[in-house]
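Beneath this line is the structure, given in structure tokens, with notes to follow.
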Amino acid sequence: MEKEESSSSFSTGKSAQEGALPYVPDCYVIPSSHRPDMAPEAAYVPIIDFGRLNEGREQRSMVIKEIGNACSRLGFFQIVNHGICQSILDGALSTAFDFFKLPSEEKMKFMSGDVHRPVRYSTSLKDGIDEIQFWRVILKHYAHPLDHWIDFWPKNPPNYRENMGKYCTEERKLALELMSAITESLGLGPKYLVNKMDEGMQVMAVNCYPPCPQPDISLGLPPHSDYTCLTIVLQSSPGLEILDTEDGSWKMVPKMQSALQVHVGDHLEVLSNGRYKSVVHRAILNRGSTRISLASLHSLGMDEKMETAKELVDEKNPKGYKESSFRDFLNFLSKNDLAEGKSFIDTLKIKN
Ligand SMILES: O=C(O)CCC(=O)C(=O)O
Ligand SMILES: [Fe+2]
């Protein structure tokens, strides 16, 4: 595939080795200022024992406090004892690996650059002509309500729908419980968003980062925050970095067996009137092995506007954000390039 020199601030137009990996983007070199440190410092990430939420009032209120602290300090935490059994986690990761190993024709059936498509396969963020390509392939599909979407998912590998379906169902239950805990931590009560979340969207981003010959000059995913209320991620190996807003450095999220990562998304920042900030993150690469991450993106319904909770607005804390929906984000994404540093949350901020 020939690629024109991109106008993106990241692009140098250098080509990847021909023929090594057929689906890998051509143009993956990023400017030196954005290149990853190959020995990054580890992030100090809170680990929350989720099981304690249901172990009586006292334990619950301690966990809620821990979640609130993690959301306001980092916008990120890991959860253990989350109730999803290991065989479901393993099954989802292994079927994702198998999907990406399929012959290219099979995956190409889902290829699309249209961000509004409910199921799509892509070799970069958008497939636009003017953008830097990142070293990632992705299958994205809607996942809730499951019986509405599952028939659109890949039929191959043969266990994809069953394994990924089980995983998505469990993830969603967990997301609802987490959202209840989060609204409680904001003083809004556990039921504040229950109905809207019940009717909300779940998008599964199945990310695959093949081994990269030059991980020191490229990225799997550029810095971004998710548009969501929250995102829950399962990874096969480390590779996620989060931006430490205190010192402006990138820190590697340590891998913890069976843990799930929770990202505060833009819509939660809006709801909380900025008390909780969406976490800026990126994916780095390695030479040796393919990394898979399953990001389950949870938001309100397609056209349901997320607004700032009026309970969190007062004279000292005026409303800081405009309302927006998932569709508003998709429209933003179709016109803007995240790789150029465009950020959805910036478009929502009200200058007081
Ligand atoms: O690969 C990862 O760990 C991060 C994935 C991610 O940020 C996303 O899909 O939005
Ligand atoms: Fe993300």
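The values are calculated or read from the model by the stated rules, or taken from the named source; none is laboratory data. Small disclaimer: the values here were computed from a predicted structure and weren't measured. Reconstructed Cβ throughout: ideal geometry from the backbone, glycine too, with neighbour counts over all protein chains shown. Heavy atoms of the whole protein, side chains included, go into the accessibility calculation; ligands, DNA and RNA do not. Shrake-Rupley method; radii C 1.70, N 1.55, O 1.52, S 1.80 Å.
Okay, here's what the table says:
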item: Test: VAL280 is within 16 Å of ligand 1 (Cβ to nearest atom), farther than 24 Å from HIS141 by Cβ and open to solvent by 20 Å² or more (accessible area, probe 1.4 Å); result: yes
item: Which numbered condition TYR227 fails, given (1) more than 16 Å from ligand 2 (Cβ to nearest atom); (2) in contact with a Ser or Thr (Cβ under 8 Å, 6 or more places away or on another chain); result: (1)
item: Wholly within region 257-352, strands (runs of 3 or more DSSP E) carrying at least 3 residues that are of a type in the set (Ser, Thr, Tyr); result: 291-299
item: Top-ranked residue of region 244-269 - restricted to ones that are at pLDDT 95 or above and open to solvent by 30 Å² or more (accessible area, probe 1.4 Å), ranked as nearest to ligand 1 (Cβ to nearest atom); result: MET252
